[in-house]
Structures are given as C-alpha cells and as structure tokens.
C-alpha cells in the first residue's frame with residue numbers, strides 16, 4: 001500500500017507506469033498478428049464487383065445509404081436469426097471503403113441479395129411507402145436518370161492499385177460488361193458472366209436499352225451476401 005501511494009503521488013513515476021502499461025497492452029494486441037498469415041478468412045466464392053455492381057455501390061455511398069443501413073451481421077444469436085450467417089471479413093475484402101458498422105435506422109443489408117425482386121427494390125427506392133407503409137426512408141426518384149459510366153474502366157484500374165484483382169481484360173471490357181449485365185436477361189453465354197460468377201442480370205427498371213442509376217444500385221443490392229455458399233462453409237473452420 002505504501003509503494004502504491006508513492007506511485008500515485010509522484011507524477012514522473014505515474015507517467016512511467018502508464019507508459020509501461022500501454023507498451024505491454026500494445027504488444028499483447030500486435031505481436032499475435034505477426035504469427036498469422038492473414039486476418040481474412042479463406043472462403044470460396046468471393047470475387048470483385050462487376051462494373052455495374054461497382055457503379056451501384058458508388059451510388060449507395062453517394063446517397064448516404066450507409067448512414068442508416070449497416071452491412072455487418074455480428075455473431076450474436078438474435079442477429080444471426082434475423083439476418084443470416086454472421087459477416088466474414090472476406091466478404092468485404094474488395095470494399096474500399098468497407099460498409100461495416102453498428103448504426104442502424106433500417107435493417108442490415110449484408111444478406112439482402114435475392115431476398116426481394118428487382119421490382120420491389122425499384123419501388124422501394126422510388127417511394128419506400130409503396131412497399132413498407134411505416135418506412136421513414138426518403139424516396140429517390142432521381143435514380144431513374146441514366147447512369148454516367150464513361151470512366152468505369154479507370155475506376156477498376158484504380159482499385160487494382162489498392163489490391164482488387166481486376167485483370168487487364170476485365171478493365172478493357174468494363175464498359176461492355178456493364179452494358180451487357182443490364183441488356184441480357186440471362187447469364188448464359190455472356191462475357192460478363194464468364195468474368196464474374198453469381199451476378200444478377202437484367203434491367204431492374206424494365207428498360208434494357210438505357211442503363212439507369214437504379215439498375216446499378218439494384219444490381220449491387222442483389223449481390224450482397226450471395227457470393228459465399230454458407231451451406232458448404234464449416235463455421236468452426238472460420239477464424240473470427
């Protein structure tokens with residue numbers, strides 16, 4: 001007790017003690033990271049976004065959708081029962097920036113892909129009350145306008161610099177792949193499907209002749225949570 005009093009009444013000794021605790025705590029957290037190959041799980045199915053999905057993700061961020069919807073299902077029973085398998089780091093490894101977070105005004109969207117039809121998404125985006133009477137979400141009717149995607153190849157090229165494995169062929173065909181994903185109703189025989197498995201095809205707004213912003217945003221929403229086949233994933237083998 002006497003020594004404890006000396007430590008608390010001496011500013012220099014107290015500062016040294018705090019510094020030592022910070023160093024020890026930091027080493028305990030940091031050193032183990034050097035003993036593992038990666039903090040990202042190794043699971044099958046994860047791929048970079050298609051040019052159309054990427055454009056939709058940009059719109060998602062531009063419109064501030066992340067302010068009300070997280071994309072992180074925590075490993076708690078209530079969240080898993082409501083939203084599905086807890087989120088894996090691997091599912092966001094090509095997100096720059098990632099959309100993890102715990103702030104939710106609306107539901108988590110990590111596994112929204114395939115849950116609703118394209119028509120439902122379009123109606124929900126244009127006027128949410130058409131499909132969810134109690135929704136407080138604002139409408140986005142301006143998303144019906146044509147999508148500007150002349151620089152989409154440059155976007156893929158930039159993402160490759162930070163580690164997203166887009167190939168030269170995918171970058172060169174980015175614009176054509178984007179248009180094909182909207183104009184084709186089926187992935188069969190399409191070049192874009194050969195590059196990007198499990199993509200969602202078709203014009204969400206019903207007009208395949210013009211690529212709209214709502215087409216891109218719905219394509220992005222429809223792929224969320226669909227890349228990994230969790231029926232074949234062993235939870236015990238996943239590092240968290």
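The values are calculated or read from the model by the stated rules, or taken from the named source; none is laboratory data. Here the structure is a predicted model, which means the values were calculated and not measured. Because the Cβ atoms are built from the backbone with ideal geometry, glycine has one as well, and the counts that use them run over all protein chains shown.
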Determine, yes or no, whether residue 56 is surrounded by 12 or more Cβ atoms within 10 Å (Cβ to Cβ), assigned by TED's automatic domain parsing to the domain that holds residue 104 and within 30 Å of residue 212 (Cβ to Cβ).
yes
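Out of everything in region 183-208 that is in a helix (DSSP H, G or I) and more than 21 Å from the chain's Cα centre (by Cα), what residue ends up being modelled with the highest pLDDT? Don't jump to the end; show me each part of the working.
Just the residues of region 183-208 that are in a helix (DSSP H, G or I), to begin with: 183, 191-195.
Now restrict to residues that are more than 21 Å from the chain's Cα centre (by Cα): 183, 191, 194.
Details: 183: 96, 191: 93, 194: 93.
Across region 183-208, the extreme among qualifying residues is 183.
Residue-by-condition table, conditions (1) touching a strand residue (DSSP E or B) at 6+ places or on another chain (Cβ under 7 Å); (2) surrounded by 12 or more Cβ atoms within 10 Å (Cβ to Cβ); (3) touching a residue at least 12 places away in the same chain (Cβ under 8 Å):
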{"residue": "14", "(1), (2), (3)": "no, yes, no"}
{"residue": "18", "(1), (2), (3)": "no, no, no"}
{"residue": "25", "(1), (2), (3)": "no, no, no"}
{"residue": "68", "(1), (2), (3)": "no, yes, yes"}
{"residue": "87", "(1), (2), (3)": "no, yes, yes"}
Kindly evaluate residue 80 against the criterion of being surrounded by 17 or more Cβ atoms within 10 Å (Cβ to Cβ) and in the same structural domain as residue 221 (by TED's automatic domain parsing).
no
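Assess whether residue 154 counts as being buried (at least 20 other Cβ atoms within 10 Å of the Cβ), out of contact with any strand residue (DSSP E or B) (no Cβ under 7 Å at 6 or more places or on another chain) and without any contact (Cβ under 8 Å) to a residue 60 or more places away in the chain.
Values: buried (at least 20 other Cβ atoms within 10 Å of the Cβ): no; out of contact with any strand residue (DSSP E or B) (no Cβ under 7 Å at 6 or more places or on another chain): yes; without any contact (Cβ under 8 Å) to a residue 60 or more places away in the chain: yes.
No; evaluated as a whole, the condition is false for this residue.
Using the structure shown, decide if residue 47 is surrounded by 10 or more Cβ atoms within 10 Å (Cβ to Cβ), under 14 Å from the mean Cα position of the chain (by Cα) and either farther than 30 Å from residue 139 by Cβ or not assigned by TED's automatic domain parsing to the domain that holds residue 98 (or both). Even if it seems obvious, please write down each step before you answer.
On the way: surrounded by 10 or more Cβ atoms within 10 Å (Cβ to Cβ): yes; under 14 Å from the mean Cα position of the chain (by Cα): yes; either farther than 30 Å from residue 139 by Cβ or not assigned by TED's automatic domain parsing to the domain that holds residue 98 (or both): yes.
Criteria met by residue 47.
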Restricted to region 89-100, and to residues that are at pLDDT below 90 and surrounded by fewer than 16 Cβ atoms within 10 Å (Cβ to Cβ), which residue is nearest to residue 62 (Cα to Cα)?
97
